[in-house]
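Chemist: First the structure, then my questions, so here it is.
What follows draws every value from the coordinates through simple rules; no lab data is involved. Given the structure is predicted, the values throughout are model-derived calculations rather than measurements. Using ideal geometry, Cβ is built from the backbone for each residue, glycine included, and neighbour counts are taken over all protein chains shown.
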Amino acid sequence: MKPAKLLTFNAPVVDYMFATFFSVVLIYVPFIGWAFLVNYLSSWYADHATINGKQITFRAEYMETLKFVSLHALFVLLTFGIYIFWFIPKLYSYIADHVEYVEAEVETITAESPAASPRKAVRRTAKQR
């Protein structure tokens, strides 16, 4: 029996180079760029990764990320960089809290047969279509 891979990451090299270049540009835009960068890179990594064979996705609103990044960046500035030791684990925790497994879409079809008067619901997943 072949052991399952816990984490797989498959992204084309060109996409990785674009994401890296985009990161270098956005890092110079304080707060707004940082928040967008957190959302963009987290979504990009999640879209190209699978855990135990299941696709994952990153779901966070931009304004929520902007508030998070702005607040903690101000703490870092006010403490002259000392807060960075607390900010980095909180950033990882924030990203982990917004990563979810992608569930298969479930479609409900109602079929009425002459034999049964109540409607019966038939559930099909995306793989059965």
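Chemist: Binned at 10 Å from 0, what are the whole-percent values of the Cα-Cα distance distribution for the stretch 7-104, short to long?
Modeler: 15, 41, 33, 10, 1
Chemist: Among the GluC sites (Glu not before Pro) in the stretch 1-105, which ones are in a DSSP loop with at most 14 other Cβ atoms within 10 Å of the Cβ? Mind listing them?
Modeler: Answer by residue number: E61, E103, E105.
Chemist: Same structure, new question: Between V102 and K90, what is 0.36 nm times their sequence separation minus the Cα-Cα distance? Round to one decimal in nm.
Modeler: Once the chain is fully extended between V102 and K90, it gains 1.9 nm.
Chemist: Here is a further query. So how far apart, in nm, are the two label points at L7 and K67 if each is 7 Å from Cα heading toward Cβ?
Modeler: Placing both labels 7 Å beyond Cα along the Cβ direction yields 2.9 nm.
Chemist: Further question on the same structure: Tell me, what ³J(HN,Hα) does each residue in the stretch 41-55 have, in order and in whole Hz, if you take phi through Karplus 6.51 cos²θ - 1.76 cosθ + 1.60 with θ = phi - 60° and put x for Gly and Pro?
Modeler: 5, 5, 5, 5, 4, 5, 5, 9, 10, 10, 10, 6, x, 9, 6
Chemist: Same structure, new question: Using unit Cβ charges (K, R positive; D, E negative) and no other charged atoms, how large, in debye to the nearest 20, is the dipole of the stretch 7-104 about its Cα centre?
Modeler: In total the dipole reaches around 220 debye.
Chemist: Let me ask another. Report the calculated FRET efficiency for I32 and N52 (r = Cβ-Cβ distance, R0 = 41 Å), to the nearest 0.05.
Modeler: 0.70
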